[in-house]
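Shown next, in structure tokens, is the structure this report addresses.
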Amino acid sequence: MAFNQPAVSRSAESVLATNKVLRNTYSLLSMTLLFSALMAAVSMYVETGPGTYLLSVGGAFLLIWLVLPRTANSSAGIGVVFAITGLLGFSLGPILTQYLALSNGAQLIMTALGGTGVIFLGLSGYALTTRRDFSFLGGMLFVGLLVILFAALGNIFFAIPALSLAISAAVILLFSGFILYDTSRIINGGETNYIMATVALYLDIFNIFIHLLNLLGALSGDD
Amino acid sequence: MDWFKIGSAILIGAMIIFLLPRARQMVKHSPKAKQGDWQALLIPIGLVVLFVIFLIMSVR
């Protein structure tokens, strides 16, 4: 049995490391979601204009592309994650204010929020319990994301309501796939940095929430 | 055309430019699906579809 000891302890170490990444990711994710909600409330309170959405999302993506990769392996990365999620939360202010002006706006927001929570917990739980490797989805998910971005770019100019709904439905399905992919990457050791894992899962939740809200708002029958 | 549309187009264009090389790399290096992988994907995604339909019905 002593002959097997190194392999066994390496495997145990790997499981411990994976569990540590998972624990840190979900802790940081829950804190960033709360911070994001707080920033959305601040944005609604100060009554920011529609340009806020664009500026905040643009700022958040600049941080994701330029700053996060350089800081993800240091403690500064945690501050960057809060800056990214704070900006994305702040961007929600004008959208939520618009929905709250509808007679059933509060119900729509709470339904989208609860629905997003159920989808995230269900898919993450599924990936965690089955421990299946969803890395085969990587190429398909990124190509799907590009197709959706091209469609969204076209719809800025054509403004077809049906296309907007189709894009929202596709985004919900695509980011559901990303939740399975991102969670399985943590479980199977493909992602060992909890800061990067948190940002990936946060973006999945953020996109599902925004597009579920759009879908529910458009199909609720309230103008 | 207002500045909001131009800003949105620039932002989405930047996302496409940023994602294009990553998508190309992912397509080249993603492992092939094994037996049962697609079934394991379609069950939860199908449930998500049914759940979203249920949410839409609940707000109508």
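Scanning the range A:98-115 for residues that are buried (at least 18 other Cβ atoms within 10 Å of the Cβ) and touching a Ser or Thr at 6+ places or on another chain (Cβ under 8 Å) yields A:Leu108, A:Thr111.
The set of residues in the range A:81-91 that are closer than 12 Å to A:Ile210 by Cα and either hydrophobic (A, V, I, L, M, F, W, C) or over 15 Å from the mean Cα position of the chain (by Cα) (or both) contains only A:Leu88. Evaluation of B:Ala33 against the conditions (1) surrounded by 14 or more Cβ atoms within 10 Å (Cβ to Cβ); (2) under 18 Å from the mean Cα position of the chain (by Cα) shows that the sole unmet condition is (2).
Here is a check on your reading of the model: is A:Phe61 among the aromatic types (Phe, Trp, Tyr), closer than 27 Å to B:Pro21 by Cα and either touching a residue at least 12 places away in the same chain (Cβ under 8 Å) or loosely packed, with under 13 Cβ neighbours inside 10 Å (or both)? No, not satisfied. Of the residues examined, A:Ala169 is not one that is under 21 Å from A:Ile84 (Cα atoms) and among the small types (Gly, Ala, Ser). Of the residues making up the range A:103-160, those that are among the small types (Gly, Ala, Ser) and in contact with a helix residue (DSSP H, G or I) (Cβ under 6 Å, 6 or more places away or on another chain) are A:Gly105, A:Ala112, A:Gly115, A:Ser124, A:Ala127, A:Gly138, A:Gly139, A:Gly144, A:Ala151, A:Ala152.
Would the range A:133-153 turn up any residue that is among the charged types (D, E, K, R), surrounded by fewer than 17 Cβ atoms within 10 Å (Cβ to Cβ) and in contact (Cβ under 8 Å) with a residue 12 or more places away in the chain? No - not one qualifying residue is present in the range A:133-153. For the criterion of being surrounded by fewer than 21 Cβ atoms within 10 Å (Cβ to Cβ) and either within 23 Å of A:Leu63 (Cα to Cα) or not small (Gly, Ala, Ser) (or both), A:Leu215 fails.
Somewhere in the range A:92-109, is a residue closer than 30 Å to A:Gly217 by Cα and within 16 Å of the chain's Cα centre (by Cα)? The answer is yes; a qualifying residue exists. Of all residues in the range A:66-81, those satisfying the criterion of being in a helix (DSSP H, G or I) and crowded, with 16+ Cβ neighbours inside 10 Å are A:Val67, A:Leu68, A:Thr71, A:Gly77, A:Ile78, A:Val80, A:Val81.
Only one of the listed residues (B:Met15, B:Met26) is within 7 Å of chain A (Cβ to nearest Cβ), farther than 30 Å from A:Gly51 by Cα and assigned to a helix (DSSP H, G or I). That residue is B:Met26.
Residues are listed down the side, and each one gets a yes or a no for (1) among the acidic types (Asp, Glu); (2) in contact with a helix residue (DSSP H, G or I) (Cβ under 6 Å, 6 or more places away or on another chain):
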{"site": "A:Tyr181", "(1), (2)": "no, yes"}
{"site": "A:Glu191", "(1), (2)": "yes, yes"}
{"site": "A:Ile195", "(1), (2)": "no, yes"}
{"site": "A:Ile205", "(1), (2)": "no, yes"}
{"site": "A:Gly221", "(1), (2)": "no, no"}
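Could you say whether any residue in the range B:33-40 is in a loop (DSSP other than H, G, I, E, B), at the interface with chain A (Cβ under 8 Å from one of its Cβ atoms) and not hydroxyl-bearing (Ser, Thr, Tyr)? Yes, there is a match, as at least one residue in the range B:33-40 is in a loop (DSSP other than H, G, I, E, B), at the interface with chain A (Cβ under 8 Å from one of its Cβ atoms) and not hydroxyl-bearing (Ser, Thr, Tyr). Of the residues that sit in the range B:1-12 and are more than 7 Å from chain A (Cβ to nearest Cβ) and part of a helix (DSSP H, G or I), which one is surrounded by the fewest Cβ atoms within 10 Å (Cβ to Cβ)? This residue is B:Trp3.
Taking the numbered list (1) within 14 Å of chain B (Cβ to nearest Cβ); (2) crowded, with 16+ Cβ neighbours inside 10 Å; (3) β-branched (Val, Ile, Thr) in turn, A:Thr85 passes all entries but (1).
Bear in mind that the values in this text are calculations on the coordinates, not laboratory data. Owing to the predicted nature of the structure, the values given are computational and were not obtained by experimental measurement. Backbone-built Cβ (ideal geometry, glycine too); neighbour counts: all protein chains shown.
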